[in-house]
Every structure is written in C-alpha cells, then in structure tokens.
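The values are calculated or read from the model by the stated rules, or taken from the named source; none is laboratory data. Keep in mind that what you see is a predicted model, and the values were worked out from it rather than measured. We place every Cβ from the backbone using ideal geometry, glycine too, and count neighbours over all the protein chains shown.
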C-alpha cells in the first residue's frame with residue numbers, strides 16, 4: 001500500500017547512539033572516572049537521583065566534553081522532578097554530539113514537559129531523522145506533531161508529515177489532525193475556514209463564500225482527505241460549503257477548471273464520513289437537476305465525482321463505465337481517483353464474497369440480535385491504516401502500558417488470544433501484529449464487520465489471525481482456553497454485561513490475562529443532553545444528523561463538545577455507535593471492583609492516555625504507586641469526571 005506524499009530531503013547518516021530508555025545512557029569513558037560513573041549509576045538505580053546528579057557533575061568538572069555524562073545528568077535531574085534544570089544538560093549533550101538520538105529525545109521530552117511544544121517538536125524531528133525506520137522515534141514524532149500548535153508555517157513539520165504520510169507503517173488517522181491544522185495555518189485558508197464556519201450548520205453559506213480550490217493542490221491535505229476521517233469542525237464546514245458551491249457551479253456550467261484528483265479527494269472524505277455532512281433542500285434539488293442534465297445528454301464536467309460527494313459512487317447511472325475504468329487500473333495506482341474507484345467498486349465486491357465465506361452463527365439473544373442488526377447496517381469502526389511496530393511479548397507490553405511494580409507472569413511462548421467483539425478488525429489486527437508467536441481468534445456478531453476485517457487482514461498480510469461469527473453469550477461450550485482475552489467497548493453493549501464477562505472468564509486459562517474497556521458513567525453523563533428527546537426510531541441518517549446538529553449547538557465549554565475532537569463524530573457509523581446505540585451500559589470503578597471480586601480476577605491497572613493522570617493519583621495516594629486501588633480511582637474520578645472520556649481501559653489477571 002503506497003500512500004501519497006513525498007519524503008523530506010536527504011536524511012543524515014544513522015547514528016551509533018541508542019534510543020532513549022528509562023535509564024541513564026551508558027558511558028564509554030576514561031578508566032579514571034569509571035568508579036565515579038559506576039557509583040552514579042548505582043545511585044540512579046536506587047532512585048537517589050539528586051545524589052546521582054552530584055556524582056555526574058563531579059565527572060563533568062574533570063571531563064566537560066563527554067556527551068553521555070551530560071545526558072545522564074539531565075536524566076537524573078528530570079527523574080528528580082527538576083525538568084527545567086535538566087534542559088541545559090540535554091542541550092549540551094546534543095551540541096557535543098549532534099547525532100545523539102537519546103539526548104534529542106530526552107531534550108524533546110523535557111521541553112514538552114515545560115510547555116515548549118514547538119521546541120520539543122524540533123528535537124523529535126531531529127531524533128526521527130537519525131533513525132527514520134525505528135518505531136519509537138517515529139511514534140514519538142507523531143505524538144509531538146499532534147500536540148504542537150501551528151499558528152504559522154513550520155517547514156520541518158511539513159516535511160516530516162509528508163514523509164510519514166508516505167510510510168505504510170504509520171497510522172494515517174493519527175496524522176490527519178496535524179495535517180489539517182498545519183494546512184489551515186496559511187492566512188488565506190484560515191480566513192476561508194472562518195467564513196465557512198459562520199452560521200454552520202444552521203445557515204447556508206453566505207454570498208461571499210467561494211472555495212479557493214487551488215489550496216487542494218497541497219499534498220498534505222489530499223493525503224489527509226484520502227486516508228483518514230478528518231475530525232475538525234472547521235474543515236467539515238469548509239468541505240460542506242465547498243461541496244455545495246461545486247454542485248451549484250457544475251449545474252450552472254460555471255465550474256471552470258478544477259483538478260479531478262482534488263474532487264476525488266473530497267469524494268473520498270465524504271465516503272469515509274458515510275455522507276453524514278449536512279445538506280440543504282436546494283442541494284437535493286440540484287442533484288436531481290444534475291441527473292436530468294446527464295439524462296438529456298448534456299456534458300457536465302466531473303459530474304460523477306461531484307455526485308460521489310453526496311452518495312455512493314456505486315449508485316451512479318454510468319456504473320458500467322466506472323467498472324470498466326476500475327478494471328483497467330494498475331495495481332500500484334494510489335491517486336485519489338483510483339482510490340475512490342477501488343473503495344467504491346472493488347472493495348464492496350470483495351467484502352461481499354468474504355462475508356459469504358463466514359460460517360453463519362445463530363444469534364438467539366434478543367438484544368444481541370438488535371446489536372447485530374446495527375452493525376450489519378453500520379460496520380464500526382471504519383478505518384484505512386494501522387501503525388506497525390516491532391513485535392513484543394505480552395509481559396514486555398504490560399510493562400510499557402501499566403505502572404507495574406513487579407513483573408507479571410504470562411504465557412510468552414505461543415500465546416492463544418481471543419478478541420471478543422472485534423468489529424471491523426482494527427483492534428484485533430493490532431493485537432495480531434503486536435505479540436510474538438501469537439495465534440488470534442477474533443469473533444463478532446456482524447458478518448459485514450467480519451468481511452471488512454478479513455479484507456483488511458489480507459491487505460495488510462496478517463496471517464496469524466482467524467475470524468468467526470459468534471455471540472459472546474453463546475461461547476460457553478467451546479473447548480479452547482486463552483492466555484489473553486481482549487474485549488474493548490463490547491460488554492457494555494450486552495443486555496447483561498456481567499453475563500458476558502462470566503462467559504469470557506470461563507474461557508480464560510490459568511494465570512490468563514484480560515484487557516477490557518467499559519464506558520464511564522461520569523464521563524458519559526454530558527452526552528445525555530445531546531440524546532435527550534431525540535427520536536428513537538425512523539430514518540437513521542436523519543437521527544444521526546439531528547444528534548450531530550445538537551452537538552454542534554452545545555455552548556462553548558460544555559463537556560459534550562469533547563465529541564468534536566473524536567473521529568467518531570465525523571462518520572455516520574461512529575455517531576450511531578457513540579450516541580444512538582441499541583444498548584448501552586455505563587459503570588464506575590466501584591462496579592469494576594465488585595465484578596473482579598465475583599470473578600476472581602486481580603486488577604493490574606488502567607491504561608492511561610496521559611501520564612499526568614497517574615502523577616495526580618500518586619500525589620493523592622503515595623502508598624499505591626501502581627494505581628491499584630479502585631476506590632481511590634473512584635474518588636479521583638468524582639473530582640475529574642472527564643478523566644476516562646475514552647472508556648476505562650484496564651488489565652486483569654486470573655490466579656495460577
């Protein structure tokens with residue numbers, strides 16, 4: 001899979017420095033300082049960070065030009081909480097050794113911790129350029145690009161984004177937001193976006209709105225529109241207004257010269273959003289007029305592409321012509337028009353065939369059947385790419401995502417993994433790609449979702465996974481036992497979540513692990529205002545648009561507006577899953593505590609999106625550095641109701 005975009009210029013030679021870790025970097029130095037360095041290292045490992053810093057300073061007084069020692073001094077100071085004091089140490093290290101990857105990464109982290117996101121980004125770029133194929137510098141750069149504000153042009157960020165967009169091992173969804181914000185930092189584009197947002201979505205665009213279509217020549221924006229769901233309210237307003245303008249001028253014959261690939265990129269984004277954008281009665285009339293012109297033989301430039309911004313291309317009257325064009329495409333053609341044809345005409349046929357190959361399972365539970373029906377109509381989530389990382393063991397992964405105070409015994413040789421409720425396969429395929437020698441079984445209620453998952457598995461060449469249709473409630477009788485069971489955002493959609501959890505518990509091997517995710521009762525409360533009095537039946541797209549309109553109408557500062565930052569809000573299936581689900585339960589940490597006690601499972605910790613959350617927990621609970629007290633988490637969440645906006649995501653383990 002080749003993505004659009006060009007890599008930056010010549011990259012520096014790869015360095016000999018190793019990537020950063022939680023430890024001070026080793027030093028190859030004079031024998032005379034070996035004892036002092038050994039002592040400093042021992043003090044550091046004993047968490048006597050300030051004493052270690054003094055030991056490193058003593059070495060620096062004798063040997064001021066050892067970059068490793070300056071870096072290690074910075075690590076010790078940062079570990080002691082003296083981040084500002086650590087920054088000059090890291091700067092000195094990279095001045096002495098410009099290709100010192102670990103020092104660049106440490107300096108970036110320190111600058112980010114003090115709020116200098118732009119400065120941090122510069123050194124994330126430096127670290128990544130030194131090892132462009134290494135996972136850790138690359139993913140750290142992606143995170144920095146997402147966090148950095150773009151009030152003006154940033155050539156370094158632009159070059160990095162272009163290279164990352166061309167990398168098939170990078171999740172393109174993660175690049176969407178920085179690409180849009182960097183693109184919109186251009187003053188003229190910012191003005192266009194502000195004009196588009198006036199009165200949106202309640203009022204049509206004013207007479208002064210005219211999209212500057214030459215802006216779409218930017219490879220950053222073409223790639224973002226082609227390979228992600230753009231989660232940006234200003235961009236949605238601009239695209240919605242631009243689509244209406246293009247339709248109006250196409251019908252009137254005044255469209256002028258517009259590049260077909262730009263139009264195809266907008267159509268690709270409309271398809272990714274499942275045509276959820278707001279439209280007016282006037283636009284619907286113009287679409288009818290456009291079809292009439294075609295029926296009378298009037299040539300309308302780009303008619304099919306503009307129509308594809310409003311409805312599936314596979315419903316176009318010239319479908320036979322489009323199929324012939326799709327059949328003549330070269331396999332390596334990944335331009336926007338080719339992508340549109342492939343996703344509209346070829347992929348649906350593949351998924352239909354793959355869905356027919358899935359052995360049908362009878363779903364007997366009434367709520368499960370209703371949920372199944374929802375996901376047959378709206379497979380979720382829609383996704384286009386994944387981030388690939390070096391394979392690891394379950395134990396090493398746990399050490400990276402949890403604040404473990406001691407190692408967890410796990411099956412590392414041939415782990416058997418169950419993903420219960422895999423949807424369209426994104427999570428399941430990430431799991432299959434993550435763990436060494438793993439064999440993954442992924443099950444779901446929806447054949448449409450499973451067909452999408454199977455197609456993506458083939459496209460990504462993931463072979464250690466098999467898919468099956470099944471209801472969790474009916475899996476009690478299978479003989480398999482699993483070393484790891486993952487069920488993210490699934491059990492809370494059952495009629496009785498504990499009933500499903502009990503089934504999964506019986507499928508867990510001794511010392512087996514579970515990774516689970518549930519909706520937070522407190523975090524979901526603001527959404528009740530959006531859902532209140534919405535129709536619970538009728539045309540689903542009308543219901544989805546009503547929910548979106550109400551979300552846009554929330555006052556600034558309302559916690560429900562957090563949805564505007566989620567890609568789910570910008571696609572019909574995502575809105576239905578988040579706001580209009582057939583069945584939904586919410587829980588709190590005390591519910592989780594009681595459930596674990598009943599099931600005989602031990603809490604290992606939450607996966608947290610921000611390390612500052614654990615820092616605050618530890619400040620309040622210094623005797624529990626691992627964050628294992630669910631009652632204490634309940635107290636913390638009561639003070640910060642949006643703490644688990646993205647669900648409680650946690651790990652548990654069974655007895656041996």
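Mind checking whether some residue in the range 541-551 is farther than 20 Å from residue 276 by Cβ, at pLDDT 95 or above and part of a helix (DSSP H, G or I)?
Residues of the range 541-551 that are farther than 20 Å from residue 276 by Cβ, as a first pass: none.
The answer is no; no qualifying residue exists.
In the range 225-270, what count of residues is obtained for those that are at pLDDT 95 or above, over 22 Å from residue 563 (Cβ atoms) and outside any helix (DSSP H, G or I)?
Of the residues in the range 225-270, 0 are at pLDDT 95 or above, over 22 Å from residue 563 (Cβ atoms) and outside any helix (DSSP H, G or I).
Based on this model, can you work out whether residue 216 counts as under 25 Å from residue 338 (Cβ atoms) and part of a loop (DSSP other than H, G, I, E, B)?
No.
Any chance you could count how many residues in the range 57-94 are in contact (Cβ under 8 Å) with a residue 24 or more places away in the chain and part of a helix (DSSP H, G or I)?
21
Among the residues of the range 587-619, write down those that are farther than 24 Å from residue 109 by Cβ and part of a helix (DSSP H, G or I).
Listed by number, the residues that qualify are 589, 590, 591, 592, 593, 594, 595, 596, 597, 598, 599.
Given the options 626, 557, name the one that is part of a loop (DSSP other than H, G, I, E, B) and at positive phi.
Exactly one of 626, 557 is part of a loop (DSSP other than H, G, I, E, B) and at positive phi, namely 557.
Being over 22 Å from residue 136 (Cβ atoms) and touching a helix residue (DSSP H, G or I) at 6+ places or on another chain (Cβ under 8 Å), is that true of even one residue in the range 432-441?
Among the residues of the range 432-441, at least one is over 22 Å from residue 136 (Cβ atoms) and touching a helix residue (DSSP H, G or I) at 6+ places or on another chain (Cβ under 8 Å), which makes the answer yes.
Determine whether the range 275-294 contains at least one residue that is closer than 26 Å to residue 457 by Cα and out of contact with any strand residue (DSSP E or B) (no Cβ under 7 Å at 6 or more places or on another chain).
yes
Residues are listed down the side, and each one gets a yes or a no for (1) under 25 Å from the mean Cα position of the chain (by Cα); (2) closer than 24 Å to residue 492 by Cα:
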{"residue": "597", "(1), (2)": "no, yes"}
{"residue": "601", "(1), (2)": "no, yes"}
{"residue": "604", "(1), (2)": "yes, yes"}
{"residue": "607", "(1), (2)": "yes, yes"}
{"residue": "611", "(1), (2)": "yes, no"}
{"residue": "622", "(1), (2)": "no, no"}
{"residue": "626", "(1), (2)": "no, no"}
{"residue": "630", "(1), (2)": "no, yes"}
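Just for helices (runs of 4 or more DSSP H) wholly inside the range 279-347: which have at least 2 residues that are under 23 Å from residue 223 (Cα atoms) and under 34 Å from the mean Cα position of the chain (by Cα)?
Helices (runs of 4 or more DSSP H) meeting the threshold: 303-307, 319-327, 336-341.
Condition first: free of Cβ contacts under 8 Å to residues at least 40 places away in the same chain and in a loop (DSSP other than H, G, I, E, B). Now tell me which residues in the range 488-499 satisfy that.
The one that is free of Cβ contacts under 8 Å to residues at least 40 places away in the same chain and in a loop (DSSP other than H, G, I, E, B): 496.
With the requirement that a residue be surrounded by 16 or more Cβ atoms within 10 Å (Cβ to Cβ) and either touching a residue at least 60 places away in the same chain (Cβ under 8 Å) or closer than 22 Å to residue 493 by Cβ (or both), what does the range 632-652 give you?
637, 641, 643, 644, 645, 646, 647, 648, 649, 650, 651, 652
Give the number of residues within the range 93-114 that are closer than 10 Å to residue 67 by Cα and surrounded by fewer than 22 Cβ atoms within 10 Å (Cβ to Cβ). Full working, then the answer.
Our first condition is that a residue be closer than 10 Å to residue 67 by Cα; within the range 93-114, this holds for 93-98, 100, 103.
Then drop every residue that is not surrounded by fewer than 22 Cβ atoms within 10 Å (Cβ to Cβ), which leaves 95-98.
Within the range 93-114, residues that are closer than 10 Å to residue 67 by Cα and surrounded by fewer than 22 Cβ atoms within 10 Å (Cβ to Cβ) number 4.
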